[in-house]
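Bear in mind these aren't lab numbers, they're just calculated from the coordinates by the rules spelled out. Everything numeric here is computed off the predicted structure, so don't read it as measured data. For neighbour counting, all protein chains shown are included, and Cβ atoms are generated from backbone atoms with ideal geometry for every residue, glycine included.
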Amino acid sequence: MCDCMTAHGARAVAHGARADVRCRAHGGSNAVPRKTAVVGAGFAGVALAFELLEGANARGTALDVTLIDARGIAGGASGVAAGLLHPYTPRGKIIWRGREGVAAAKRLISLAVKAEDALDVVLNARCDDADGGWRDSVGRNTGERRNDAVARAPGIVRPARSAKQGVDFRRAFNARLVADIEAFKDDDDDDDDGATCLTTAETLALCPGLVFTEDVLEAEARADDVGCAGALYMPRGVVVDAPRYLSALWDACSIVASRGVAGTRAMFRTATIDDVEALYDEFDDVCLCCGAAVHALVNADDVPVQLQGGHVLVMKPDDGALTTGILGTTYVAPLGTSRAMVGPTKEYDATVEDARRAGVADRASTRGARAESALRDLALRAYAPTSSWDVVQLKYGVRANPPRSPAGALPLAGRTKTRAGGRRRPWFVAGLGARGLVYHALLARWVADAMLDDDITAIPEDVRRDSAQ
């Protein structure tokens, strides 16, 4: 793993842990930029780095952003994420700010794809990602994953696993249809994913081999007033290869920095942070986006997240076996033609130390063998054809789940005290839980505005936390 990323065009991003020489986007000025550290290179951290740089450019100010992570881009729970982007609860209702979050995420995904394509032309050295080498140190066009898309829109289906869930789908769809009609919306609206209900037969056409329970089939046959859906289907649902997306989004950070005023730059640093106060010896602002590791740096009462570990399998599907993403307690996410992510297990005794060993797990260990066996059983129940799929990797991550609120399980963002109790109050983003992909871009935009304008009220009250209050 390398300590740094390289930049685009006329500006080269400086290498190494620290550099005194400013790499300027436009020469001539001696302006000293504001220095900002973003700790954590997962969904929240990389997105925040991008939004900070883009926001600074819009304001005409110089900003020096250093992204810090001990394990590289997507080295933690974000690198284990299934990458199924959608705004729905298991009952088919739209989550808090769900459509807004999906739209913001799609924007960053689009920019990341464009950045990767642009840098393919000029780059001659790249680092490995934390996922084990879809590229190497001598060039991007290497590795079996290189021809797979960063993100695809094959659609996502959530099969009804009970008659009650199938009825809930119908009710939620009918309520949403009425609300959209009253708001004069149509299926072509940018924030509408065109979600609809499918019959069991229509669902099987998308996911051959899927098995429905008897109560779902019986409830569908009865054709009651509300009806029982076989599945909730999102034809515009996006499946994202999380490690590749985040690496490409960091590429976009380099490009945005190259367009900034003199002194603007984007740097990556491989380091473990155990003292937030010490960061202020070098940086003007600090934002903690380190997921489950946040409790190593701040008091748990100030950032009240619960840690949950989980293993996932990376599998090799049979040719043409599945193109549509499958949601559920166990998901099956097809990542291109040669890989699918299946999981997760749910392990509620996770610790900060567990979070630090996220990544590829040892299948031969007792813990790994147990997790793989459990995942094989879960996969079989979720989608029977997985019984013939080969296992490529076993991966492990720990996510930070937020507390419940009247609006649901919402992420947290704001300012907090350090564990040392010093006078510094770092910014933070935490508690993305299972919804990191849908919320990361939205949170990054709000927190970037708050940091750049020193105005915590830029963060909506529903998710805002301020330890000074």
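Can you work out ³J(HN,Hα) from phi for every residue in the range 404-414, in order, using Karplus 6.51 cos²θ - 1.76 cosθ + 1.60 and θ = phi - 60°, giving whole Hz and x for Gly and Pro? 3J(HN,Hα) across the range 404-414, in whole Hz: 6, 9, x, 8, x, 7, 9, x, 10, 7, x. Binning the C-alpha pair distances of the range 205-258 at 5 Å intervals from 0 yields a P(r) profile of 4, 13, 13, 13, 11, 9, 7, 7, 8, 6, 5, 3, 0 %, listed from the shortest bin outward. In order along the range 61-78, the Karplus-derived 3J(HN,Hα) couplings, from 6.51 cos²θ - 1.76 cosθ + 1.60 at θ = phi - 60°, round to 10, 7, 9, 10, 9, 10, 8, 10, 7, 6, 10, x, 4, 6, x, x, 4, 4 Hz, and Gly and Pro are given as x.
Computed from backbone phi, the HN-Hα couplings of the range 285-295 come to 10, 9, 10, 8, 10, 9, x, 5, 7, 4, 6 Hz, rounded to whole numbers (Karplus: 6.51 cos²θ - 1.76 cosθ + 1.60, θ = phi - 60°; Gly and Pro given as x). Remark: relative contact order (the range 372-469) = 24 percent; criterion is Cα-Cα distance under 8 angstrom and separation of 6 or more residues. Protection proxy ranking for 62-71, 356-365, using the average of other Cβ atoms within 10 Å per residue and placing the highest first: 62-71, 356-365. Other residues with beta-carbon under 9 Å from the beta-carbon of Q165 carry, at +1 per Lys or Arg and -1 per Asp or Glu, a net charge of +3.
Amide H contacts under 5 Å for F268: M5, L67, restricted to partners 5 or more places along the chain or on a different chain, H placed in the peptide plane at 1.01 Å from N. Working value for the range 252-398: equivalent-ellipsoid semi-axes of 36, 22, 13 Å, each the square root of 5 times a Cα gyration tensor eigenvalue, largest first.
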